[in-house]
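Only the coordinates and a few stated rules stand behind these numbers; no lab work does. No experiment lies behind these values; they were computed from the predicted model shown. Virtual Cβ from ideal backbone geometry, glycine too; neighbours counted across all protein chains shown.
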Amino acid sequence: MAAGYDEPGGANAPEVVTPAVDVLEDLADGPVLEFAVGTGRIAIPLAARGVPVSGIELSRAMAGRVASKPGGDAVEVTIGDMTKTRVEGEFSLVYLVYNTIGNVTTQDGQVDVFRNAAAHLRPGGLFVVEVGLPDLRRLPPGQDIVPFAMERGYVGFDQYNVVTQEFTSNHVTVSPDGQGRFRRIPFRYAWPAEMDLMARIAGMRLKYRWADWDRSEFTAESTKHVSVWERACP
Ligand SMILES: C[S@@+](CC[C@H](N)C(=O)[O-])C[C@H]1O[C@@H](n2cnc3c(N)ncnc32)[C@H](O)[C@@H]1O
């Protein structure tokens with residue numbers, strides 16, 4: 001995935017990146033840490049605004065791209081697992097964006113992410129998560145698949161297991177010469193309320209919950225949330 005991750009448009013479009021960087025810059029009050037920093041899509045523009053940014057990333061291929069990009073040398077990346085890897089320092093903000101909490105596919109693992117975030121925060125520090133909500137309301141009784149794209153050359157669908165809260169995001173692409181590719185990415189979903197409990201287990205409390213980076217109100221119709229928890233002061 002690293003090879004194609006920085007293609008222009010989509011999640012890399014300025015209208016997607018800039019609102020996230022605006023909010024993170026506003027919430028930061030000192031050094032910040034991105035969990036699952038990827039290729040620096042958010043970390044590099046945030047560092048360019050003068051915020052000291054570090055990152056943890058599991059994939060050497062993704063992390064390797066950070067250093068190769070303009071401004072990437074400002075972001076110090078530690079190879080590791082965000083459920084347990086510790087980096088030195090105390091941070092004003094830890095953030096985990098673009099649905100990546102769901103890449104940890106067990107409840108215990110997700111709790112460990114919250115604990116590890118809290119362990120890096122100074123008292124009063126903030127943990128930000130951006131994640132989509134599972135589309136369960138579109139799931140008719142007896143079915144487990146929700147299609148989200150049906151275009152020429154591309155079909156996308158999610159397949160849910162409502163017992164384990166695991167789901168796979170499935171992407172079928174067919175190039176004009178007829179070559180097909182099927183990618184299946186495993187996730188675990190958690191409702192915002194479950195994440196609030198994970199935060200409490202880790203010693204944090206909800207401070208803000210928005211429907212998006214524009215800080216709009218989170219409602220029953222929201223398809224994602226940007227949530228901010230605060231580490232308790234002793
Ligand atoms: C969707 S990308 C997001 C990258 C970046 N945060 C962004 O917004 O562009 C997900 C990233 O999470 C990383 N990742 C998945 N599980 C991880 C874990 N347990 N610890 C650290 N990184 C992880 C993957 O290697 C991948 O780079």
Placing +1 at every Lys and Arg Cβ and -1 at every Asp and Glu Cβ, with all other atoms neutral, what dipole size does the chain have around its Cα centre, in debye to the nearest 20? 380
Could you list the chymotrypsin sites (Phe, Trp or Tyr not before Pro) in region 96-143 that lie in coil according to DSSP, counting only those with at most 13 other Cβ atoms within 10 Å of their Cβ? none
Stretch gain in nm, segment Leu197-Ala149, where the contour uses 0.36 nm per residue and the Cα spacing is subtracted: 14.0 nm
Within the chain, helix-based [θ] at 222 nm, where runs of 4 or more DSSP H residues each add -39,500 (n - 2.57), nearest 500: -7000 deg cm²/dmol
In whole angstrom, note down how far apart the Cα centers of region 199-225 and region 144-181 are. 27
So which helices of the chain fit the span-like rule, where a helix is a whole DSSP H run, its Cα atoms reach 15 Å or more along the axis, and its mean Kyte-Doolittle is at least -0.5? 14-27
Report, largest value first, the span of the C-alpha coordinates of region 84-179 along each principal axis, in whole Å. 52, 36, 19
From zero outward in steps of 5 Å, how is the percent of C-alpha pairs of the chain spread across the bins? 1, 6, 13, 17, 19, 18, 13, 7, 3, 1, 0, 0, 0
With DSSP loop assignment and no more than 15 other C-beta atoms within 10 Å, the trypsin sites (Lys or Arg not before Pro) in region 1-85 are Arg49, Lys84
Which value in nm describes the separation of the simple spin-label points at Thr223 and Val163, placed 7 Å from the Cα toward the beta carbon? 3.0
Here, GluC sites (Glu not before Pro) of region 65-124 satisfying both criteria (DSSP loop; at most 13 other Cβ within 10 Å) are Glu88, Glu90
